[in-house]
Structure formats: C-alpha cells, structure tokens
Amino acid sequence: MDKLFFMLKRSTKINHYFLKDINPVIRFLILSDTILIGAAGLLGPIFALFIEQFIDGGNEAVAGIAAGIYLFSRSVL
C-alpha cells in the first residue's frame, strides 16, 4: 500500500492554473479582485514619490526601500 501511495499522480492540471475549470462568475470575481488589490497596492509607492519633496531626506530610494521592507514583512508574517 505504501508503494501505491508514492505512485499516485501529484501534478495539477494546466487548466486549473489558468482558472478554466472554475465557474465563470467566480473566475471573474477572482480576477477582478486581484487586479483591484494589485492596483491599490501600487498606489502607495507612487504616492510616496509625489510627497517626497515635503519630507526632509526623502527620495525615490527611501520610498522603494520602505515599500520593500513592508512587503517583505507582510509576506513573512
């Protein structure tokens, strides 16, 4: 029986990766949510570039490092 367990197919079908075997309504909700949250996530660093002139010592590098530290800590925790 242990031998049979290791011989089972473990890969995922390619249609599952492209969301083709999911209900079209759910697929639309997943993709729209991903696009909206991704766009909202990109506004932070872009907004930081606009307000950098109001902060002493602020520049593009500081905004990029701050965004990188935030995203790294968010993904780890």
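We did not get these values from a lab; they are worked out from the coordinates using the rules stated. What you see is a predicted model; the values in this text were computed from it and never measured. All Cβ positions, glycine included, derive from the backbone under ideal geometry; neighbour counts span all protein chains shown.
Among the candidates ILE46, ILE26, ILE37, ILE65, the residue that is in contact with a Leu (Cβ under 9 Å, 6 or more places away or on another chain), without any contact (Cβ under 8 Å) to a residue 12 or more places away in the chain and assigned to a helix (DSSP H, G or I) is uniquely ILE26. When ALA61 is tested against (1) among the hydrophobic types (A, V, I, L, M, F, W, C); (2) loosely packed, with under 10 Cβ neighbours inside 10 Å; (3) within 20 Å of the chain's Cα centre (by Cα), only condition (3) is not met. The set of residues in the range 49-58 being loosely packed, with under 10 Cβ neighbours inside 10 Å and either touching a residue at least 12 places away in the same chain (Cβ under 8 Å) or of a type in the set (Gly, Ala, Ser) (or both) consists of GLY57 alone.
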